[in-house]
Amino acid sequence: MSQGTPVDPTPQFIQKVLAESANAPGYPLTAGTPELREAIAQWARTRLGASGEFDVLPVIGSKELVAWLPTLLESKNVIYPEIAYPTYKVGAIIAGASHSAVAIDPATWPKADLAWLNSPSNPTGRVHSESELAKVLQWSRSTGSIVASDECYLEFGYSQQPISLLKVAAGDNKNLIAVHSLSKRSSIAGYRAAFIVGDAALISRIREIRKHAGMLVPLPVQKAMVAALADSEHVVEQAARYNARRDVLAPALAACGFEISDSGAGLYIWCTRNESDWDSVSWLADRGIIATPGSFYGELGSRHIRVALTATDAKIADAVERLK
C-alpha cells in the first residue's frame, strides 16, 4: 500500500475505443483533436464549474506536466505546499529555479513566478475550502503570479467534496491553470492521459513550445480520453470502490493506535501514532504491510505515514486481518 498505482480494470468501453483507434499512421495534433478539445471544455464547464474565457490542452500524464511546467514557463521562483508531492520540487530543480515550501495561508508566501496548489492533497487528502481558494486567487491577482492547481483527485470526495479553483475564479482565469488526470478517475494510468484547463494566453504559450518539444498525446489515447470524459458512471463506481476500502481500512488502523489526519478526499489515508514515520513503517512491515513514510513529502510529514487505497479489495481485506 505504498504506491498510488491503480489496480482496478480499465473500463471495457475505454479499452474498446483505444483498440479501434490503433490505425494511427500520422502525427497527432499537439492541441488535441477538435473532439477532445470540446470534450475537455464541456467537462470543465459541467464538472469543474469553469466559466469565462479559457483554453484546454491534452498532456502526456500529469506527472510529466508537473515536472516540466516550470521549464515550459521559464519560472525563476517556484513555491509548493509544505507537505506535497515531491515532483513539484523536482520540476523546479529541472528548471534551475529557486524553490521553497510554503504554508496554506498565501499571506505568508514569498514572491514567486509559479505557485503550486494541491487539493485534494497527495499525500494528506486535505481539501482546500472555498475561502482558502479565494485567498489564493487574491494573492495571484495582486502579485501577477501564476497558480497551477493540481486537482487530479477532485472527483474522489469522501467526508468532503473538493471544488476547483476555476469555479471560485468565476470566469476570471488570468494566470490560472488547473491540472487534471484520467489515470485514477478512469483507471488508465498506463495511457498517460491528462490535460490542463485555464488562462488561454498561458496555455497558448505552452502549446507553442510543445509543438517543438514534442510530448504529443498519441491519437488512440486522445480518442479514448473523449470516451472517458463523456461518461461519469464509471467514475462514480470507482470512487465508491476507493471509499469502501477506506471504510474498511481506516478503523483497522485506528484500532492499532493510528490517528487519521485530514484524509477528507483522495486516495490515501494520512495517519500517525505520534512516533517517527519510519518506526510506523517498520511496525507495519513486520506484519507484511508496506506504507510510505511521510517524510518523503516534506519534513512536516516525518511523524505520519501515507497508506494507499489503490490496492485490490482482497489485499485490503488481507491487510485488515493482519492488523487485527
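Side notes on the structure shown:
- Calculated log10 I(q)/I(0) by the Debye sum over Cα atoms at q = 0.07, 0.12, 0.15 Å⁻¹ (choose from (1) -0.37, -0.89, -1.15; (2) -0.33, -0.89, -1.21; (3) -0.28, -0.83, -1.26), label: (3)
- Reported to the nearest whole Å, the Cα centre-to-centre distance from the range 159-218 to the range 53-67 is 4.
- Sorting 204-216, 254-266 by average packing, meaning the other beta carbons within 10 Å per residue, from highest down gives 254-266, 204-216.
- Spin-label model distance (nm) - residue 7 vs residue 132, 7 Å beyond Cα toward Cβ: 2.9
- Approximate spin-label separation residue 232-residue 53, in nm, with each point projected 7 Å along Cα-to-Cβ: 2.9
- Percent of beta bridges antiparallel (DSSP, the chain, rounded to nearest 5): 55
- Net length gained if the chain between residue 105 and residue 200 were fully extended (0.36 nm per residue, minus Cα distance): 31.5 nm
- You can think of it this way: the chain between residue 314 and residue 82 has 80.1 nm of extra reach, that is 0.36 nm per residue less the Cα-Cα gap.
- A Förster distance of 25 Å, applied to the separation of the beta-carbon atoms of residue 255 and residue 278, puts the FRET efficiency at 0.70.
- Pairs of Lys in the chain closer than 23 Å at Cα, counting only those 8 or more apart or on different chains: 25
- DSSP beta bridge pairing in the range 115-207, given as percent antiparallel to the nearest 5: 40
- The slack between residue 22 and residue 170, meaning 0.36 nm per residue of separation minus the straight C-alpha distance, is 49.3 nm.
All of the numbers you see were taken from the coordinates with simple rules; none came from a lab. Quick caveat, the model's predicted, so the values are computed rather than measured. Virtual Cβ from ideal backbone geometry, glycine too; neighbours counted across all protein chains shown.
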